[in-house]
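Inspection log for the structure reproduced underneath, given as structure tokens.
The values are calculated or read from the model by the stated rules, or taken from the named source; none is laboratory data. Model, not experiment: these values are computed from the prediction. With ideal geometry, Cβ positions are generated from the backbone for all residues, glycine too; neighbour counts draw on all protein chains shown. SASA here: full protein model, heavy atoms, side chains in, ligands and nucleic acids out. Shrake-Rupley method; radii C 1.70, N 1.55, O 1.52, S 1.80 Å.
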Amino acid sequence: AEGVVIVGTRDGTPIRLAPSDVDLCHTLSMHVALSLANARLYEEAQRSADELWAAYDATLEGWSRALELRDEETSGHTQRSAALAAELAMVLGMPSEEIVHVRHGALLHDIGKMAVPDAILRKPGPLDDDEWVVMRRHPVYARDFLDNIEYLKAALDIPYCHHERWDGTGYPRGLAGEEIPLAARIFAVIDVFDALTSDRPYRKAWDVDDALSYIRANAGTQFDPRVVDAFLERVGEPLE
């Protein structure tokens, strides 16, 4: 039983209920009970959904750490970049229901590199032309990996498009300007800045001012100028 319905008078005067009144009380009590049961089921479903999303997030963070280890990136690069991408997406007016997909896409931005051979991915020197052909396929590999995972389809913009350039000279499709999804335009700026200001096996980290100057100088060519403006307002020191 969900509870008890008590029928009476305010002053305690005894009353006799007609059969129709009894039927009405039964009907009302059944509706109340059903409403309470439905509310409880909704709460349980919402709790299960929240737990499932938390499990998804934990899985994606685990994948992103594995990718960092394989690519020998500085620890925390992906998590830092994902957090700032979500923040800038909010500043630039992206709907809140889309920002979770920005974070997921940022966590998986380089998942396509799983299909790039170690000899290319970890090469200490410059890549030759043939190696660059393989490396520049990694956004396509990312699309192929994620397109069949229903809950990650909405997060594809960043893994597939973050190497496109505002002037149309990027890859894999040579998109230009606002043809490039906003999430990818946001992440492109953040990814480059965090990469420049982090130590890598093939070079030392750049000074923050030099990295910011690079971002500023490439607004309108490599990067969306509006995203660069929002980024420069937010970032004045290395990402923590």
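Per-structure values
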{"read-out": "Index of the failed condition, residue 94 passing every other in (1) open to solvent by 20 Å² or more (accessible area, probe 1.4 Å); (2) modelled with pLDDT of 90 or more; (3) out of contact with any Leu (no Cβ under 8 Å at 6 or more places or on another chain); (4) not in a helix (DSSP H, G or I)", "value": "(3)"}
{"read-out": "Test: residue in region 203-221 that is surrounded by fewer than 14 Cβ atoms within 10 Å (Cβ to Cβ), over 20 Å from the mean Cα position of the chain (by Cα) and in a strand (DSSP E or B)", "value": "yes"}
{"read-out": "Unique residue being open to solvent by less than 90 Å² (accessible area, probe 1.4 Å), farther than 28 Å from residue 232 by Cβ, of a type in the set (A, V, I, L, M, F, W, C) and modelled with pLDDT under 90 when the list is 52, 34, 28, 69", "value": "52"}
{"read-out": "Test for residue 158: is it open to solvent by less than 60 Å² (accessible area, probe 1.4 Å), in contact (Cβ under 8 Å) with a residue 24 or more places away in the chain and aliphatic (A, V, I, L, M)", "value": "yes"}
{"read-out": "Selection within region 164-191 - farther than 17 Å from residue 89 by Cβ and open to solvent by 20 Å² or more (accessible area, probe 1.4 Å)", "value": "165, 166, 167, 168, 169, 171, 172, 173, 174, 175, 176, 179"}
{"read-out": "Unique residue being open to solvent by less than 30 Å² (accessible area, probe 1.4 Å) and hydrophobic (A, V, I, L, M, F, W, C) when the list is 232, 146", "value": "146"}
{"read-out": "Among (1) among the hydroxyl-bearing types (Ser, Thr, Tyr); (2) under 20 Å from residue 222 (Cβ atoms); (3) open to solvent by less than 30 Å² (accessible area, probe 1.4 Å) - the single one residue 78 does not satisfy", "value": "(2)"}
{"read-out": "Helices (runs of 4 or more DSSP H) wholly inside region 104-167 containing at least 3 residues that are modelled with pLDDT of 90 or more", "value": "129-135, 138-146, 157-161"}
{"read-out": "Residue list for region 37-46, restricted to those being of a type in the set (A, V, I, L, M, F, W, C) and either closer than 10 Å to residue 5 by Cβ or open to solvent by less than 100 Å² (accessible area, probe 1.4 Å) (or both)", "value": "37, 39, 45"}
